[in-house]
1. Sort segment B:25-141 into rounded, prolate or oblate with this rule: let a ≥ b ≥ c be the square roots of the eigenvalues of the Cα gyration tensor; rounded if a/c is under 1.5, and if a/c is not under 1.5, prolate when a/b is larger than b/c, oblate otherwise.
2. Have a look at B:His31, B:Thr71, B:Thr81 and report the one farthest towards the positive end of the charge dipole of segment B:31-99, computed about the Cα centre with Cβ charges (Lys/Arg +1, Asp/Glu -1).
3. Using a simple charge model, +1 on the beta-carbon of Lys and Arg, -1 on the beta-carbon of Asp and Glu, nothing else, what dipole does segment B:1-124 show about its Cα centre, in debye to the nearest 20?
4. As I understand it, the dipole of the protein assembly as shown uses +1 on the Cβ of Lys and Arg and -1 on the Cβ of Asp and Glu, about the Cα centre. Which of B:Tyr8, B:Ala99, A:Ile53 lies farthest toward its positive end?
5. Pull out the extension gain between B:Val122 and B:Lys12, defined as 0.36 nm times the separation in residues minus the alpha carbon to alpha carbon distance; nm, one decimal.
6. Is there a simple number for the mean count of other chain Cβ atoms within 10 Å of the Cβ of residues in B:10-19, and what is it?
7. So how much accessible area does B:Thr123 have, in Å² to the nearest 10, using a 1.4 Å probe?
8. Using only the C-alpha atoms of segment B:48-112, find the volume of their convex hull and express it per residue in Å³.
Amino acid sequence: MPALRNARTEALRSAPPDSWVALSDDETHVVAVGRTYEEVVAASDNAGITDPIIVKTPVVWSSFSV
Amino acid sequence: MKYPYKSYPDPKGGYDWWAVINVQIANPAKHSPPTKRFEALLDSGASRCVFHASLGSAIGLDFQRGEVEETVGVSGTPTITYLHSVLLYVDGGIVKVRAGFTDRLPLGGLLGRKGFFENFKVTFDPSSEPPGFELERIHKA
């Protein structure tokens with residue numbers, strides 16, 4: 001579990017800020033990136049990943065108080 | 001159903017746990033297919049569910065034509081959201097939600113009191129590693 005956790009965390013850390021990313025089913029790899037939700041879905045489809053998990057990345061990774 | 005918290009980068013090069021689940025939304029007016037699964041943060045302090053405008057556009061909403069609602073976060077800065085009725089797909093059920101949409105959200109979605117916490121009982125359990133929570137659909141009479 002720690003390895004998966006670290007892989008997920010590092011995948012998100014390496015993703016472009018303020019963007020939309022598609023994660024692999026095990027959430028350890030970014031399989032597509034887009035400026036919008038629709039862009040990342042299209043990129044994910046082009047990569048052959050039809051059931052990704054989509055994450056919106058913030059401008060900076062910081063603690064949330066929402 | 002039990003869910004582990006998910007890990008996210010923190011500003012110091014480490015990680016933090018967030019109470020997040022994968023959800024989908026759909027536009028009942030357009031009979032559109034639901035979005036792909038996206039991560040949304042459980043936020044019991046939020047009055048209602050709020051989603052990023054990019055998701056709204058993808059399901060055919062002209063998001064700025066929704067009813068205007070001003071929200072205020074901890075910074076005190078008002079944010080304009082536009083309300084639309086959507087279907088929220090969560091493990092264990094589909095609920096109709098009057099949700100806010102804004103392009104000023106730093107994440108895909110917030111699951112707030114109206115629409116989410118009024119329909120699901122959430123029990124947080126910090127005793128495990130990773131911590132987690134249990135989600136149970138409430139069926140009101």
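1. Verdict is oblate for segment B:25-141.
2. Working it through, the farthest residue towards the positive pole turns out to be B:His31.
3. 320 debye
4. Projecting each Cα onto the dipole axis, the largest value belongs to B:Ala99.
5. Length gained between B:Val122 and B:Lys12: 36.6 nm.
6. Working: counts 5, 4, 2, 3, 1, 8, 5, 1, 1, 0.
Per-residue shielding by partner chains comes out at 3.
7. For B:Thr123, the solvent-accessible surface is approximately 70 Å².
8. Looking at segment B:48-112, the number lands at 84 Å³ per residue.
The values are calculated or read from the model by the stated rules, or taken from the named source; none is laboratory data. Worth saying up front: this structure is predicted, and the values here are computed from it rather than measured. Note: ideal-geometry Cβ built from the backbone for every residue, glycine included; neighbour counts use all protein chains shown. Protein only, heavy atoms only, side chains kept; ligands, DNA and RNA dropped before computing areas. Shrake-Rupley method; radii C 1.70, N 1.55, O 1.52, S 1.80 Å.
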